[in-house]
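One structure is given below, encoded as C-alpha cells.
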Amino acid sequence: MNQQELANPELAGVTVVEDSGDISRSDVLLKGALAAGAVYGTFMVGPFVRQAFAAGSGSTDVDILNFALTLEYLESTFYKEAMTRAKASGELKSLIKLLAEDEKQHVDALTATIKSLGGKPVAEPKFNFEYSDTAGFLKLAQTFEDTGVSAYNGAGPMIKSKEVLGAAGSIVQIEARHAAAIRLQNKEEPAPEAFDPSLEEAQVLKAVKPFIA
Amino acid sequence: MPDTTEQERSEAPAQSAIARVAKDPVSRRKFMALTGGSAAMAAFLAACGSNSGTTTSTAVSSGSGEAKTETEQFGKGDVGILNYALTLEYLETAFYADVVKSGLFKGAELDLIKKFGSEEAEHVKALTAAVKSMKGTPAPEPKVEFPLKSAKSVLELAATVENLGAAAYLGQAVNITSPEVLASALAIHTVEGRHASTLNTVLGMPITPDGAFAKPADAKTVLKAVEPFIVS
C-alpha cells in the first residue's frame, strides 16, 4: 500500500518548482485542491469543513489519547534512531535532535495524562523503519509529521474534555511546525494547503501499520 | 530560552489609537476589559510535568462572577470567535499583499510570501462563509498599516504575526462549541503553525519557540499586539 499518498493526497497533484515563476501559483493550488478533493470528497476544498468525525464519537478521551500516544511513540522512536541512522549533519542533525526531544516530551505528557484520567497507557509498539540514507529518512519524516497533524486535527472535535483538547491543540501545533521544517528540508511547500486535511483514526492506523513490527 | 516573539509582542506600543477591530457598538472600556482564559490548559500541562515554560502571556482574571467570553465584542459564542479569527486573517492577508507590493522580495521568498498570502485569503473566505452560515454578520475588514522597511524587518514582523496567529487559534479552540467550527479552526490553526515555523526557519529562529507544547494566547493579548497595525 502506499501510505505516502494516503497521508498526503496533495502530493499527488502538486509539483513544486523551486525558484521559478513558470508554474502559476493558482495552478499549483488548484491541483492540490483537486487531489485533496479526490480523496476526501469536497469538504476540504469547500470553504467550510464537513467532517466525518461523528462516526467515531464513541471513542473516549482515553482512547483518543492512546491513539495519539501510539503515533508519538512512532515519531519518538523514529527520530531517536535517526540521530545515528539518518546520516545527517549540520542543520538537519540539530533539527532531528530537536524533533526527538519534542516527541519524547509528547510521549511523556500523553502517558501522564492517560494515567491521570484513570486509563492505561498503551504499550510501546516495536517499530521497523526502512530507509538507508538521509533522503529516505526525510521522506518518511514528512509522511509522519503530516500524518500526525491530520490525525490530531481529525480527533480534535471528538475530544470531550476541554483540558485534553487544549493539550492536544498545543501538541498538534508543534507537529505542524515540525512538518513545515521537514518539508523545507525536502524542498517541498511547507504549508501545501490553506486547510490541513484531517484523517480518521482508521486511515491513520492503516498508514502507520507498515511501520509497526 | 528567551522568546523573541513574546518579547516583541510585549514591546508593541500600547498607547496607539484604539483599534476599531470590529465595527460594533462596544465601548473602548469593554475592549480593554477582555479577559484571558487559558489557565486550565496551562495548569493541565503543568500537571503533566511536561513543560517548564511559564505562561507569561496569560494573566487570568476570573474574579468577576460573570462568564463573559473573550471574543464577545465580535459576536456571541462561535460567531464571535469566527469574527475574531476573521479580523486576524484580514490583517494577515493585507499584510502579505502589502509585502508583495513593497518590492522587497523576489524569487523563492516572494513565491513563499504569495503562497502564504493566498492561504490567508482563503481563510478569510472560509471564515466569512462560516459566519454567514451561522446567521452572523461577518466582521468588517479593518484598515491596516505595517512598517515595511527592510526585507529582514518584514520577515521578522511576518514571523511575529504568524506565531501570534497560531497562538490565537490555539487559545480559542477550547472555547468553540460546534464540532464543525472546531474542525475548521483546527485545520487553519496548523496552517498558521506551518507558516510560523517556516518564517522562523528563514530567520534562523527556533521553530518551536515555546518548546514541545505550543502556548495559547488569549484574545486580549492578541488584540493588544495587533493594535499598532490597525488604523481604523
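The values are calculated or read from the model by the stated rules, or taken from the named source; none is laboratory data. Note that the coordinates shown come from a computational prediction; the quantities given were computed from them, not determined experimentally. A quick note on method: Cβ atoms are made from the backbone with ideal geometry, for glycine too, and the neighbour counts reach across all protein chains shown. Calculation scope for accessible area: heavy atoms of the full protein, side chains included, ligands and nucleic acids excluded. Shrake-Rupley method; radii C 1.70, N 1.55, O 1.52, S 1.80 Å.
Does A:Lys120 meet the test of being out of contact with any Phe, Trp or Tyr (no Cβ under 8 Å at 6 or more places or on another chain), open to solvent by 40 Å² or more (accessible area, probe 1.4 Å), at pLDDT 95 or above and not in a helix (DSSP H, G or I)? Taking the combined requirement at face value, the residue satisfies it. Scanning segment A:183-196 for residues that are closer than 19 Å to B:Gly117 by Cα and open to solvent by less than 50 Å² (accessible area, probe 1.4 Å) returns A:Arg183, A:Glu189, A:Pro190, A:Ala191, A:Pro192, A:Glu193, A:Ala194, A:Phe195, A:Asp196. B:Glu145 passes every criterion in (1) free of Cβ contacts under 8 Å to residues at least 60 places away in the same chain; (2) farther than 26 Å from A:Met158 by Cα; (3) not polar (S, T, N, Q) apart from (1). Taken residue by residue, segment B:100-109 has no member that is among the β-branched types (Val, Ile, Thr) and open to solvent by less than 10 Å² (accessible area, probe 1.4 Å). Against the test of being open to solvent by less than 60 Å² (accessible area, probe 1.4 Å), more than 25 Å from A:Lys187 (Cβ to Cβ) and within 14 Å of chain B (Cβ to nearest Cβ), the options A:Thr147, A:Thr113 yield a single qualifying residue, A:Thr113. Put simply, of A:Lys139, A:Lys120 the only residue that is more than 17 Å from the chain's Cα centre (by Cα) and not hydrophobic (A, V, I, L, M, F, W, C) is A:Lys120. Selection of segment A:159-182 for residues being among the charged types (D, E, K, R) and buried (at least 24 other Cβ atoms within 10 Å of the Cβ) yields A:Glu175, A:Arg177.
Within segment A:169-212, the residues that satisfy the criterion of being facing chain B (nearest Cβ under 9 Å) and aliphatic (A, V, I, L, M) are A:Ile171, A:Val172, A:Ile174, A:Ala176, A:Ala179, A:Ala180, A:Ala181, A:Leu184, A:Ala191, A:Ala194. Restricting attention to segment A:156-168, the residues that are more than 7 Å from chain B (Cβ to nearest Cβ) and either modelled with pLDDT of 95 or more or in a loop (DSSP other than H, G, I, E, B) (or both) total 5.
Of all the criteria given as (1) in a helix (DSSP H, G or I); (2) buried (at least 18 other Cβ atoms within 10 Å of the Cβ); (3) among the aliphatic types (A, V, I, L, M), the one not satisfied by B:Ala139 is (1). Looking across segment A:97-106 at every residue that is of a type in the set (A, V, I, L, M) and surrounded by fewer than 24 Cβ atoms within 10 Å (Cβ to Cβ), the one that is nearest to the chain's Cα centre (by Cα) is identified as A:Ala100.
Would you check if A:Thr84 is in a helix (DSSP H, G or I), over 24 Å from B:Ala214 (Cα atoms) and hydroxyl-bearing (Ser, Thr, Tyr)? When the stated conditions are applied, A:Thr84 passes them.
Applying the criterion of at least 3 residues that are more than 14 Å from chain A (Cβ to nearest Cβ) and open to solvent by 10 Å² or more (accessible area, probe 1.4 Å) to the helices (runs of 4 or more DSSP H) found wholly in segment B:143-232 leaves B:151-173, B:219-226.
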